[in-house]
Every structure is written in structure tokens, then in C-alpha cells.
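For reference, the structure discussed in these notes is given below.
FYI, it's all coordinate maths here, none of it is from the lab. Note that the structure is a prediction, hence the values are computed from the model and not measured. Neighbour counts run over all protein chains shown; Cβ positions are idealised from the backbone, glycine included.
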Amino acid sequence: MAKVYRAYDPDFDREVALKILRREMLEDQRLRERFERETKIIAKLELEAIVPVYDIGRDQDQLFFVMRLMPGGTLADRMQNGPLSPAQIIRIIQRVAPALDEAHEKGIIHRDLKPGNILFDEHDNAFISDFGIAKSIHTPITDTLTGGDGIVGTPRYMSPEQSRAEQVDARSDIYSLGVIVFEMLIGKTRFDTITPLGLAFREESKPVPNILDTNPDLPAGVQAVMEKVLARERDLRYNSAAEFANDLAIELSKPITPPASGSGPASPTSRFPSRFWAIGGIVALFLIAFAVWRSQGNAPSSTATPATATVTSAAATATSLPRETATQLPSETVTPAIVIDPGIGGANRIALTANNEIYLMNIDGSNPQSLTQTGHPKFDLQWLPGGDELLYVEGNCVYKIEVETSQKEPQQLVCFTDSKFQGFRVSPDGQRVAISIANRLLVLPFDLTALSAVSSAFELQKLESLCLDYADVTVKGALWSADGKRLALRYQSVVNGRIGETIRVIEGNWERCQEVAVLGWDEFPADHFVPDGYARFPILPSYQWDGDQRFLVNSFIRNENYGDLYLYDMSTESASKINPIEGACCYGSAAFSPDGTHILFVFQDVRLGSDSENKLFYTPIEQIDTGTKFTPIRLPRLFFKDLRENIQLALRPVGP
């Protein structure tokens, strides 16, 4: 149905994937509607693990949309060499499951989950793609791969109800995800036969196989998880993909139990028991199934991706992706040294993320130490009161590291099953926590005993100690003021007809908890402050608060998290573009020093194009825009390997 090309976007100096409806399909109204529906669905699903769409358009009646390039290939490619390791499977499933749940919450059923539709970026992050036959729960559709009502999807991964052309819901996608996991665990397909007759009878003739017969190097509990996710009756399956992913991760992490003496693989059974051949009307069923198979075989494919073609939205331009670097940090550096006195700006240590790990170093960049080794993205990195403990979020769990101990091992504090867990911020006095979960903001006492006893937004809302349940907007994160009375929320908004992000500052008397009356202080961008380009790309990749009146905000220009740097003052409702390094773009993750006199930020020079590198700076605010030439903190060359990483920065205050 469509072709996907590797293309170059000159406006943002990046390579992209360009999906175009084939010209010979333009006259087919059904296929045009299907292509247009896919663009609308993907635009609606602005989720971390769904391939993002940058632009949608029409050129001389040619429909197209521009997506992020996924150079890491497909899951199908990776499964060619046999079973994947438990660690690989856990990482993949824990990333895509929350995105799938979020799509379901928005009323979207994918209906064609398979290894070929799970793609990887250059950093091995998994993404769900190809919503060409996705279905809205709230909007009935009749077009299918057969041209009308009937079976739609890929037979090997269909749920029983989908293979019977019945109404499907979220549990059908969860079943398909289970089949994918089954294949990853054993290295071959769950159902060997996908002929029309096999499709018609497979669920009635084959129970869930014992996965340990094929791969005995798995913990015994994995079988129960697979039986539940692949249950014939949808009511017996998991209700969410995240629940399935959590159970699978728990079981795969357990030790392997040796089989009992004398046990061995079960003897093979006939694929189709003879009793089925005695059923009346078998010929009619065969003809129906064969017709379905023929129509699927003749249907145009939506996954054609010729990699050799090159299409550009402007004049063709040769470019290259950023150079790959070794994962170990080289000892040699070429960046000029900067002399920074310990304690300047009221800080003496820097905690930050690089390459999905947390590092701790002195304020001048010396003595860097790696604190984690998981390879998974982190967010909401912060120092707890006292300055001896770091807190951060990884996946759906909150962790703490005691940095003054010799071991410095991460300690898991709280985990949530909700697919939309986006923030966990402790107040400056350590008394309360603001949790951004299920698109709302919950404020509660920072009581780890109580928090560790719950696992969902629903259970948090039931706690008697709940101070605030704020759902006026779709909350994506929050920051506390220095006095712990106000919160700055980043929420999802609509800007000029596009989904965007806005900051809202609210105040509440948290001592009164249930009697809290929320007051609105400010909201921006607004008429008094609009970053350049915000009308077109209303995204705020990062924002930081000095805890009083000033905010650091960077716009969206390149590499997902970098743009111009702005300083906004609520007291005067004024803002200025500060861009400290020779006025050039681009900046990310800027943070105030504890005393508010300096800013720490990451800079990548847009003037260098694809040869730019991420560099860390710590500069006095009063010297910005004075002609002072700032030098970066001395770090190993290419310390920040991923130019698109949303780097977290946290400065430790000097103790009293």
C-alpha cells in the first residue's frame, strides 16, 4: 500500500523516514482512507515508544507523512538468530507495553502487532509502528485487508476472536504481544501452520504449548504467564500489557528450577486431530478459509521499505549520522579546562545522566563515577534534602542511591503499574511528593511505607493522606518552589490546533490536605512570552525553576530535546532569549545553581551540523550577553554519546 524511504529534512538537519502512498493506490478510496486514518492515529498517539510523526502532508495529491528514522531494524530481524536473552526481552516488553496500554486508553486497537512492526532506533530502543489497520473503539470501521468485513491482520499473531472476524478489544493486542514474546523466548513461531485450514482450527486444536519443552533454560513460572496471556477466552487474559510485562519480568528474573527426575519433553501430537475431519461441513469451512487466505495474499503490503531510495523534501543533500563511539569512556580529552572553585553557585557536586546511566562528579568535572549500569532511560533525577541521597525514576519504578556509602547501590522504593507514570518530585523539605501519573497530579506525604504499599493511581487516590488530586489538565510533570507551597506543572495543551505543552504554576496550602484550594499563579507560553517557533512546534523539551520567580525554558529545534534557551521572570511577565555560547543554538536540560547565580546546561552547536557534540557548561548568569567566552567543563571526549538523549542534571547544594 505504501513505500517508506530514507530521506533528509534540511529544515532540522536530520534524516527521517518518509512514508508515501503508492501512486497506483491513489484511486482506491478504501486505501486512501486507510492511509489517512493511520496518519491521524499516529498523530494522536504522542507516546515515547510509538514511532513519532514529524509532519503530515499532501504534494500534488500524493499523500505522505514524515516519521523518525529507525536505523536499528525490526524485531523480526533480531529473532532470526534464535531466542533472545531474558534481559533483552524484558527491556523490549517493558518499553512497548506502556505505550500499547496508552493507545488502548485513547481508544485505539493496533490489530497487527508482530515482530516486523516493532522497530529499533540507533540506541536499541523499541518502538511500535504501522497503525495502518488500527481500529478506534469509539468509531466503527469496515475496511479491512479483505476489502470489507472479515479477517484483518497477520494470521500468525491473531487472537482467536480476531481470526474469527469477531469484535476485538485491547485484549486482542495483548494476546498478539504474548505470541511475540513466546517467539522471542523459543526462537520460532508459536503455530507452525498458518494455512487457511490451520487458521480456522488452530485455537480449537492446539492448547498453549509448554514453553519449557522447547526452551528448558527458563524459570518454571514463565509457563503460567504465557498460559494467561494466550488464553483462548479473552476474559482470562491480562487486562493490560503493563501487567503482563511486570509478571513476565518477575518470572524471568527468578532462578531456573531443575526438572524432576525422569521428566522430559512431551511427545509430539498430531497438529489436527482426526475428529475434526469427521465434522460435517468441513469442505465449506475450508473454502471460506481459503478465500480469506487468497484475499490476504493478494492484499497490498503496508510494510514495503526500500532502503536504497532517497527522497528529500527539498533539494537533495548528502548528510551523515553522528559518528558511533565506543561505549567505554576514553581517557583522552580535547576540551579546554575551566577552573571552577568548589562551592561556586552554592553547589559542590554534579549528578547527571549520560548514555542512560547516572554519573556523579565534582563541580569541575573531575572524578566522574558511574552509579548505575542498567542502560535504561532515567528521569526526574533529584537530590533529596540533606544532599546525601539521589532519587530518580527508571521505567515505572522510583530508586534511591546513597552517594556517601562505599557501595552506592540503587535501592528500589516504589513501583507503579500505570502506563502513564511521568513524574515523582519530592518537596524541598522532604515532607511531600508530587506524582504525575495517569495524566493527573497527586500530592501526598512522602511516606515510603505508605507509598510502597500501593501500585497504581487508583490506589493512590484511595489513600486517606491524599492532599490533592489535580486533573484539570493532562499533567506530564511538576517542579516544587523553594518554599514548597507552589508547583509548576508541565501539561499537554492544544496550541494553534496542534498538541503542545504549557507550564502552569499553582499554589496550595498543603498542610490542610483535603481542604486544599488551588490557586493559579501564572501560565506560559502565553501572550506575554512565546518562544520563537513555538507556534509551529509547541513543545517544551525541558524547563527548570529557581524556586521563586525565574524559569529556564528551551524550545524545540533539533534532536528532540534541544533549542534556544530562554529566561522567563514571572514577577515581570518578561522573557529573553539568552543563548550563552556566542548567541548560537542549541541548548538542553538547563538548571539553576542552588543560589540562583549560575546555570548548568548542555550545548550542541547547530553550526557544526551532524558533527556537533554535547558539551556541559556552568556559567554565571550575570556574565551572559557581555561578550564573555565560556569554556566547557572538562569531560572525556564524546562523554555524551547520544545527541538526542534527554540529559538530566542535578546540582548538590553545599551543606551548612
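Restricting to DSSP loop positions (anything but H, G, I, E, B) with no more than 13 other Cβ atoms inside 10 Å of their own Cβ, which GluC sites (Glu not before Pro) remain in the range 417-509?
Those satisfying the criteria are E464.
What GluC sites (Glu not before Pro) does the range 373-458 have in DSSP loop regions with at most 11 other beta carbons within 10 Å?
In loop regions of the range 373-458 (DSSP not H, G, I, E or B), the sparsely surrounded GluC sites (Glu not before Pro) are E404.
Using modelled backbone amide H atoms (1.01 Å from N, in-plane), which distant-in-sequence or interchain residues come within less than 5 Å of D548's amide H?
Residues meeting the criterion, in which the H sits 1.01 Å from N, are A482.
Taking 0.36 nm per intervening residue step and subtracting the Cα-Cα distance, what contour gain separates N81 from D447 on full extension?
Stretched fully, the N81-D447 segment lengthens by 127.0 nm.
Spin-label point model (7 Å from Cα, Cβ direction): what's the K462 to R164 distance in nm?
3.4 nm
Using 7 Å Cα-to-Cβ label points, what is the S253/E573 separation (nm, one decimal)?
5.0 nm
By how many nm would the segment from N509 to N362 lengthen if fully extended, with 0.36 nm per residue of separation less the alpha-carbon distance?
49.2 nm
First obtain the Kirkwood hydrodynamic radius of the range 370-493 from its Cα pairs, then insert it into the Stokes-Einstein equation at 4 °C and 1.567 mPa s, and state the resulting D in µm² per second as a whole number. Mind dumping the intermediate values first?
Details: Rh = 14.8 Å.
Rounded to a whole number, D works out at 87 µm²/s.
As an exercise, use a Förster radius of 41 Å and the Cβ-Cβ distance of Q623 and Q412 to find the FRET efficiency, rounded to the nearest 0.05.
The pair Q623/Q412 has a calculated efficiency of 0.45.
Give me Y54, Y238 ranked fewest to most by other Cβ atoms within 10 Å of their Cβ, as a rough exposure proxy.
With the sparsest Cβ surroundings first, the list reads Y54, Y238.
Would you calculate the volume per residue, in Å³, of the smallest convex hull containing every Cα atom of the range 345-653?
Values: hull volume 40.8 nm³, N = 309.
Enclosed volume per residue, from the Cα hull, is 132 Å³.
What is the fewest-to-most order of S493, S452 by other Cβ atoms lying within 10 Å of their Cβ?
Working: S493 17, S452 13.
Listing S493, S452 from fewest to most nearby Cβ atoms yields S452, S493.
By how many nm would the segment from D483 to Q62 lengthen if fully extended, with 0.36 nm per residue of separation less the alpha-carbon distance?
Additional length available on full extension: 146.0 nm.
Counting other Cβ atoms within 10 Å, keep those with at most 10, restrict to DSSP loop, and tell me which trypsin sites (Lys or Arg not before Pro) in the range 549-656 are left. The partial results should precede the final answer.
Details: sites: R550, R558, K577, R607, K615, K629, R634, R637, K641, R644; in loops: K629, R634, R637, K641, R644.
The qualifying sites are K629.
Residue by residue, what Karplus-based ³J(HN,Hα) values in Hz, rounded to whole numbers, does the range 373-381 have, using 6.51, -1.76 and 1.60 with θ = phi - 60° and x for Gly and Pro?
8, 9, x, 9, x, 10, 8, 6, 5
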